[in-house]
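The values are calculated or read from the model by the stated rules, or taken from the named source; none is laboratory data. Computed from a predicted structure; not experimentally measured. Positions of Cβ are generated from backbone atoms using ideal geometry, with glycine treated the same way; all protein chains shown enter the neighbour counts.
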Amino acid sequence: MNRNALSSIPRIVMVLLLVAATATISVQLRGGPSSVAANVSNQLALGVQAQRSGDYQSAIAHYLAVQRLEPRSPIPLFDAGDAEEFAGDLRRARQYYDQCLALDATYVPALYNEAVMAQTSNSSGAIALYRRVIAQSKPGSAQWILIAKSHYNLGLLLEKRGQGLEGRAQVALGIKLDPGLAPHTQR
């Protein structure tokens, strides 16, 4: 897997996604005591802190604690998958992403990460996943960078399969959405 695809996401975007995740989980709590919401926020913050320091197993434990408190939220499962991926366990990462997508089949970060992981072993699967990410695009989305990279990576995969016209169009669209992609190879 090409780790540059994930590590090139600006830290501020990752922080904003995690802040949004915290807010989403808090809003999703239905009528639970405020101590539950505080525990969710605390566990999520501890997970982020552990992941940033490279303690992936602690991060996963904190994310799964959040999942137990808010079992309908896909976010902690995505976060656990992300931590597993950084820890190098792609099989377990994929399992968490699949569980995340079972709760929300349109969760763009999980779709994107699965597409990146599939690029080398299953180009047809990666193409389908990139198309799903693109289908979720909304104007002004906070996930624009993943959508831009999906267009770009989809285009490169299509070009490799001999679908040059569509491939070049997808690469160009990715670069239009994120000009920073222009000097790079597959991300």
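Structure summary
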item	result
Scope segment 99-131; condition of a type in the set (D, E, K, R) and in contact (Cβ under 8 Å) with a residue 24 or more places away in the chain; matching residues	104
Residue 88 being surrounded by 17 or more Cβ atoms within 10 Å (Cβ to Cβ), among the small types (Gly, Ala, Ser) and either in contact with a His (Cβ under 8 Å, 6 or more places away or on another chain) or under 20 Å from residue 116 (Cβ atoms) (or both)	no
Restricting segment 61-74 to residues that are under 12 Å from residue 47 (Cα atoms) and aliphatic (A, V, I, L, M), the residue that is surrounded by the most Cβ atoms within 10 Å (Cβ to Cβ)	66
Criterion (under 21 Å from residue 48 (Cα atoms), among the β-branched types (Val, Ile, Thr) and under 16 Å from the mean Cα position of the chain (by Cα)) met by exactly one of 133, 116, 108	108
Top-ranked residue of segment 135-187 - restricted to ones that are charged (D, E, K, R), without any contact (Cβ under 8 Å) to a residue 60 or more places away in the chain and not in a helix (DSSP H, G or I), ranked as surrounded by the most Cβ atoms within 10 Å (Cβ to Cβ)	178
Segment 101-119 - residue that is small (Gly, Ala, Ser) and surrounded by fewer than 23 Cβ atoms within 10 Å (Cβ to Cβ) and, of those, farthest from residue 131 (Cα to Cα)	102
Number of the exception - residue 79 against (1) of a type in the set (D, E, K, R); (2) more than 13 Å from the chain's Cα centre (by Cα); (3) not assigned by TED's automatic domain parsing to the domain that holds residue 182	(2)
Residue 115 vs. criteria among the aliphatic types (A, V, I, L, M) and assigned by TED's automatic domain parsing to the domain that holds residue 53	no
